[in-house]
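Asks: First, the structure itself, so that you have it in front of you.
Please treat every number below as a calculation from the coordinates, not as lab data. Everything quoted here is computed from the prediction, not taken from an experiment. We place every Cβ from the backbone using ideal geometry, glycine too, and count neighbours over all the protein chains shown.
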Amino acid sequence: KAGVTQTPRYLIKTRGQQVTLSCSPISGHRSVSWYQQTPGQGLQFLFEYFSETQRNKGNFPGRFSGRQFSNSRSEMNVSTLELGDSALYLCASSFGLADEQFFGPGTRLTVL
Amino acid sequence: GENVEQHPSTLSVQEGDSAVIKCTYSDSASNYFPWYKQELGKGPQLIIDIRSNVGEKKDQRIAVTLNKTAKHFSLHITETQPEDSAVYFCAASIDGGFKTIFGAGTRLFVKA
């Protein structure tokens, strides 16, 4: 069974731009969560989607948004990029909301 | 707020020795405790988990213990090998999912 895939793997953007990251969960998994990983803050929860609905949201500004499609694939968008948004963005999928999470390889975003 | 403390931040052991990583959590409602291994350039990989109705769980060279009264849980790796070198994260959550709080990580070096 294929694992969680994320595209692109690397991105370089400049301040003020916006970016869209994509995540394809493991086949059959309906829940997708997004995390931001930085050396200073560690792994921080962004949001979680289940059946195309955002179920939970972490403490991030409104510039961070996401959505989930009917095939469970998910995208997250960051608008008006800031230098501090440079991070590894990880997607994790699980069968249901309360099940074990499996992480993708992440998208490394660098904001210049 | 909820917090997970993880120690040590760095651990260096000789091949064949044991390694122990310890975590404490603050939210007494937490009932699911996964451990992840993250290698360079990859997303975290679930290596073992334990639920609050169990005190200990073992999988080959890896074991996890949980003390709910003290709100402590630990990862034990026996007969360490160079390929065990990675960053290990503990986490605590309520039924998995969005309330997963991660520890800051332990960088394990196994010297051949």
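Asks: Rank these for me by crowding, A:I12, B:I50, going from fewest to most other beta carbons within 10 Å.
Replies: Numbers: A:I12 12, B:I50 20.
By the 10 Å Cβ count, ascending: A:I12, B:I50.
Asks: Follow-up question, since we're still on this one. Where the centre of each part is set by its Cα atoms, how far does region A:19-93 sit from region B:19-93, in angstrom?
Replies: 24 Å
Asks: Give me the net charge for the shell around B:H7: Cβ to Cβ below 13 angstrom, other residues only, Lys and Arg +1, Asp and Glu -1.
Replies: Once positives and negatives cancel, what remains is +1.
Asks: Please give, to one decimal in nm, the separation of the simple spin-label points placed at A:E100 and B:K111, each 7 Å out from Cα toward the Cβ.
Replies: 3.4 nm
Asks: How high is the relative contact order of chain A, in percent, counting Cα pairs under 8 Å that sit 6 or more residues apart?
Replies: Numbers: 289 pairs, mean separation 41.1, N = 112.
It rounds to 37 percent for chain A.
Asks: Relative contact order for region B:22-82: what is it in percent, counting Cα pairs under 8 Å that are at least 6 residues apart? Walk me through the numbers on the way to the answer.
Replies: On the way: 94 pairs, mean separation 18.3, N = 61.
Relative contact order, region B:22-82: 30 percent.
Asks: Still on this structure: Using a 7 Å offset from the Cα along the Cα-to-Cβ direction at both A:T20 and B:A29, what is the distance between the two label points in nm, to one decimal?
Replies: 3.6 nm
Asks: Run the simple label-point estimate for B:E15 and A:T7 please: 7 Å along Cα→C-beta, distance reported in nm.
Replies: About 4.0 nm separates the two model spin labels.
Asks: Also, quick follow-up: Please say if the protein assembly as shown is rounded, prolate or oblate, where rounded means a/c under 1.5 for a ≥ b ≥ c the square roots of the C-alpha gyration tensor eigenvalues, and otherwise the choice is prolate for a/b larger than b/c and oblate otherwise?
Replies: prolate
Asks: Normalised by the number of residues in chain B, what is the relative contact order in percent for Cα pairs under 8 Å and 6+ residues apart? Numbers along the way, then the final one.
Replies: Details: 283 pairs, mean separation 41.4, N = 112.
That works out to 37 percent.
Asks: Moving to a separate point now. Given a 10 angstrom Cα cut-off, can you work out which residue in B:A63, B:A29, B:A19 is the most mobile in a GNM of chain B?
Replies: B:A29
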